[in-house]
Amino acid sequence: MEKPLILVTNDDGITAPGLRMLISIMKKIGDVVVVAPDSPQSGMGHAITLDTALFSKKMKIDLDNDDIEEYSCSGTPADCVKLALQELLPKKPDLCVSGINHGANSSINVIYSGTMSAAIEAGIEGIPAIGFSLCDYNWDADFSHAQDFIATIVTQALENGIPKRTVLNVNIPKLEKKKIKGIKVCRQAKANWKEKFDKRTNPMGKDYYWLTGEFELLDKGEDTDEWALANGYISVVPTQFDLTAHHVIQELNTWNF
């Protein structure tokens, strides 16, 4: 049988260890093409490049991946997917996988995530897509314990199909493989960031700011991604990109517009 064509991307950049691990997993499942940012793009959300040119360069990062086409892109994660689909891929891919992100993209973090926005961009174009994140922000994080779980999720997605206009948001706890209890399908937890800016002054007397904050979990449900991760499970959240609050339409229709 013909192998599936898998587009691999991320937001941490084409040299990121998480991406390199995801490539190694995907090439055992299908034919892989990589299109990823040439520099870190974390927190870019679904930004796209409109006012400057995009540049792409064919790369060879790992000699072990001599049979894989890789391209760096000067734009955002969403740009990478757009460019891949319109210019770089030989045909429409069977799947797009994004990650493995260095750091969690659970609960409210999905809004800001470049990793998930790449997956969502693929989903908008009708391509099954999954974003993978590890709850470890270290550049040298150990991704090895996630390999079999990622392969299982991808294989199941290819065999069963992902419902249209839905992408999967997968978060993996920072645990030894033997301590991971399994995979749970969850809803996104209600959470927020209590943010503030750390104001400083540079040697030239100009003020500058660093964004800081504390994560606030507002949800005690045991069916959420945050609960799953805290209790040793990999969370899988089906995520839609229709932002309509359908349950509010009837109420708004009572307003005197």
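Assorted remarks:
- Here Tyr112 fulfils each of the conditions (1) surrounded by fewer than 23 Cβ atoms within 10 Å (Cβ to Cβ); (2) of a type outside the set (A, V, I, L, M); (3) free of Cβ contacts under 8 Å to residues at least 40 places away in the same chain apart from (3).
Each row is one residue, and each column tells you yes or no for (1) in a helix (DSSP H, G or I); (2) among the charged types (D, E, K, R); (3) loosely packed, with under 12 Cβ neighbours inside 10 Å; (4) touching a residue at least 12 places away in the same chain (Cβ under 8 Å).
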| residue | (1), (2), (3), (4) |
| --- | --- |
| Lys178 | yes, yes, yes, no |
| Trp193 | no, no, no, yes |
| Val236 | no, no, no, yes |
| Leu243 | no, no, yes, no |
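- Just one residue in the set Ala47, Ala78 is touching a helix residue (DSSP H, G or I) at 6+ places or on another chain (Cβ under 9 Å), under 27 Å from Arg187 (Cβ atoms), part of a loop (DSSP other than H, G, I, E, B) and hydrophobic (A, V, I, L, M, F, W, C); that residue is Ala47.
- Condition met for Ser133 (touching a Gly at 6+ places or on another chain (Cβ under 8 Å), under 15 Å from Ile6 (Cβ atoms), small (Gly, Ala, Ser) and surrounded by 22 or more Cβ atoms within 10 Å (Cβ to Cβ)): no
- Count of segment 61-75 residues, restricted to those that are of a type outside the set (Ser, Thr, Tyr), surrounded by 16 or more Cβ atoms within 10 Å (Cβ to Cβ) and assigned to a loop (DSSP other than H, G, I, E, B), is 3.
- Test: residue in segment 180-190 that is open to solvent by 50 Å² or more (accessible area, probe 1.4 Å) and either touching a Cys at 6+ places or on another chain (Cβ under 9 Å) or hydrophobic (A, V, I, L, M, F, W, C) (or both): yes
- Top-ranked residue of segment 8-44 - restricted to ones that are of a type in the set (Gly, Ala, Ser) and in a helix (DSSP H, G or I), ranked as farthest from the chain's Cα centre (by Cα): Ser24
- Residues in segment 135-149 that are in contact with a Lys or Arg (Cβ under 7 Å, 6 or more places away or on another chain) and either outside any helix (DSSP H, G or I) or polar (S, T, N, Q) (or both): Cys135, Asp136.
- Just so you know, in segment 93-105 the residues that are crowded, with 24+ Cβ neighbours inside 10 Å and of a type outside the set (A, V, I, L, M) include one that is farthest from the chain's Cα centre (by Cα), and it is Pro93.
For (1) closer than 30 Å to Leu5 by Cβ; (2) touching a Phe, Trp or Tyr at 6+ places or on another chain (Cβ under 8 Å), each residue gets a yes or a no:
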{"position": "Ile162", "(1), (2)": "yes, no"}
{"position": "Arg165", "(1), (2)": "yes, yes"}
{"position": "Lys178", "(1), (2)": "no, no"}
{"position": "Gln188", "(1), (2)": "yes, no"}
{"position": "Arg200", "(1), (2)": "no, yes"}
{"position": "Thr212", "(1), (2)": "no, yes"}
{"position": "Glu216", "(1), (2)": "no, yes"}
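- Every test in (1) buried (at least 24 other Cβ atoms within 10 Å of the Cβ); (2) closer than 23 Å to Glu159 by Cα; (3) at pLDDT 95 or above is passed by Ile127 save one, and that test is (1).
- For Lys58, the test of being open to solvent by 70 Å² or more (accessible area, probe 1.4 Å), closer than 19 Å to Leu89 by Cβ and over 13 Å from the mean Cα position of the chain (by Cα) is passed.
The values are calculated or read from the model by the stated rules, or taken from the named source; none is laboratory data. Computed from a predicted structure; not experimentally measured. Here Cβ is always computed from backbone atoms with ideal geometry, including for glycine, and neighbour counts include all displayed protein chains. Keep in mind that these areas ignore ligands, DNA and RNA; they rest on the heavy atoms of the full protein, side chains included. Shrake-Rupley method; radii C 1.70, N 1.55, O 1.52, S 1.80 Å.
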